[in-house]
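Visitor: Pasting in a structure now, in structure tokens, and then I'll have a few things to ask.
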Amino acid sequence: MVNSALNDINDYLESKQDDALAFLEEIVNIDSFTYDKEGVNRVGEVIRRQLDAANIPYEVRKNEDFGDHIIATVKGKKEGKILLMGHQDTPHPQGTTKNRPFQIEGNLLRGPGVSDMKSGLVSMIHAAVAVREFAQDELCDIEILFTPEEEIGSPISRAVIEERAKDALAVFNLEAARPDGSVVTARKGSAHLKIEIEGKAAHSGAFIEDGISANDELALKMNKIKQLMDLEAGVTINFGKIEGGISNNVVSPHATATIHIGFWRREDFEGLYSQIQWIVDTSFVPGTKSTLSGGIGILPMEKHEGVTKLYETVQYAAKGLALPITEQRTKGAADAGFTASLGIPTICGMGAVGGKWHAVDEYMELDTFLPRMKLLANSIVIVAQDTLKE
Ligand SMILES: [Zn+2]
């Protein structure tokens, strides 16, 4: 039963390959820079047309400063839902497609956002339709979320993603598969902190004893904080910008430093943060007063048990397609971090294979488009069946 449904799904996707490519060409040729709300919504219009044609109902949520959210639902017969996510924006400014339109160079597709991640948007819709046609009785709901501003860290989408993901059985994020074909099972998180130190000014030639140097305090704190960096554990600490003092013959009355921290596990950051807090609260130069502000910007995608299990399912689906698949952890952050942090089984990089994202030589490998679409559709069916059995 399962196998015949999967075969039907795969045949169907194969028969729709030309439509998928035409859909991709159309949206790649629309500039959709994150800050170009109209451009992002033009991509949204094409998506809505495709959803209408496929008879998939959707909700549009208008946004003031960015393009709209589109939330489409393919109804299943069973309880629960699987969430598919993709972003409509790109980091390429208006006018990019004029000089660099969609192109096919042998096996490589070119054009701004072709791999990051307009092909993923096409895959989500095609996979959902195929699954509905041939496995609806076995399925829970499939929800497809299209967001408008991932490239700047999803400031307004984070809440929408968390709302839609919180009761999902699984989440597939349709960022591109890595250049070696891997899907992504872990991503780093990042935090931005700021230290502010107050001291007391005094003439450094005549009355240095009367001053309290915020600069000296900052130097001591920086030295201690930097020692907490642990490259082996992937915990990085960078002092991005430091400022302090008034002029050369004045004991510095204030100093500031900003810190960027990268980490794989939230727990690592929390441990580090309390150590930094202790260093900031301690005055090494007596009389200085310091404060610490800031916190986590993007949550890491941690490879917890749910992620591991979902990856096993994807591997199982890949085996059925005779598609070798590997996993990778990557340093870049993405929306998958928000859903994985809620404890929801999440896999990122479910799109077609590509690379050189955000660069002029961005590419997508054409011959991976269909296999990865099949992988997504088959994974959805297997996840739904597995979960519903339990
Ligand atoms: Zn992306």
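Visitor: So which residue, out of Ile259, Ile208, Ile47, gets the largest mean-square fluctuation from a GNM of the chain using Cα contacts under 10 Å as springs?
Guide: With Cα springs under 10 Å in the chain, the top fluctuation among Ile259, Ile208, Ile47 is at Ile208.
Visitor: Let me ask something additional. Placing unit charges on C-beta atoms (Lys and Arg positive, Asp and Glu negative, everything else neutral), compute the dipole magnitude of the range 189-298 about its Cα centre in debye, rounded to 20.
Guide: 180 debye
Visitor: How far apart, in nm, are the 7 Å Cα→Cβ label points at Phe284 and Ala359?
Guide: Simple spin-label model gives 4.0 nm for this pair.
Visitor: Then there's this: Tell me, how many Å apart are the Cα centres for the range 268-310 and for the range 1-40?
Guide: 41 Å
Visitor: Compute the projected area of the convex hull of the Cα atoms of the range 189-298, averaged over all viewing directions, and report it in nm² to one decimal place.
Guide: 6.4 nm²
Visitor: With 23 Å as the limit, write out which pairs from Lys331/Lys374; Lys16/Lys37; Lys194/Lys221 have Cα-Cα distances beyond it, or answer none.
Guide: Over 23 Å Cα-Cα: Lys331/Lys374; Lys16/Lys37.
Visitor: Given an 8 Å cut-off on Cα distances and at least 6 residues of separation, report the relative contact order of the range 189-298 as a percent.
Guide: The normalised contact order for the range 189-298 reaches 43 percent.
Visitor: In addition: By average Cβ neighbour count within 10 Å, what is the ranking of 71-79, 31-39 from highest down?
Guide: 31-39, 71-79
Visitor: Taking only the alpha-carbon positions of the chain and ignoring solvent, what does the Debye formula give for the base-10 log of I(q)/I(0) at q = 0.08, 0.09 Å⁻¹?
Guide: With one equal scatterer per Cα and no solvent, log10 I(q)/I(0) is -0.49, -0.58.
Visitor: Let me ask something else. Roughly how many nanometres apart are two label points built 7 Å out from the Cα toward the Cβ at Ile156 and Asp19?
Guide: Result: 3.2 nm between the two label points.
Visitor: Separation of the range 91-148 and the range 153-193 by C-alpha centroid, Å?
Guide: 16 Å
Visitor: Which of Ile325, Ile380, Ile144 ends up with the largest GNM mean-square fluctuation for the chain, with Cα atoms connected below 10 Å?
Guide: Top of the fluctuation ranking is Ile325.
Visitor: Can I ask one more? Roughly how tilted is helix 214-226, in degrees to the nearest 10 and between 0 and 90, from the longest Cα axis of the chain?
Guide: 40 degrees
Visitor: Counting other beta carbons within 10 Å of each residue's own, what order do His304, His126 fall into, fewest first?
Guide: With the fewest neighbours first, His304, His126 line up as His304, His126.
Visitor: Give me the angle, in degrees from 0 to 90, between the Cα long axis of helix 266-281 and the longest principal axis of the Cα atoms of the chain, rounded to the nearest 10.
Guide: Rounded to the nearest ten degrees, it is 20.
Visitor: Related question: For the ranges 113-124, 338-349, what's the packing order if you count other beta-carbon atoms within 10 Å of each residue, average per peptide, and put the highest first?
Guide: In descending order of packing, they fall as 113-124, 338-349.
Visitor: Give the shape of the range 1-155 as rounded, prolate or oblate, defined through the alpha-carbon gyration tensor: a ≥ b ≥ c are the square roots of its eigenvalues, a/c under 1.5 means rounded, and otherwise the shape is prolate if a/b is larger than b/c and oblate if not.
Guide: oblate
Visitor: Follow-up question, since we're still on this one. Which one, Gly86, Gly153, Gly245, has the greatest fluctuation when you compute a Gaussian network model over the chain with C-alpha springs under 10 angstrom?
Guide: Looking only at Gly86, Gly153, Gly245, the largest GNM fluctuation is found for Gly245.
None of the figures in this text is laboratory data; all of them are computed from the coordinates on show. Source: prediction; values computed, not measured. We place every Cβ from the backbone using ideal geometry, glycine too, and count neighbours over all the protein chains shown.
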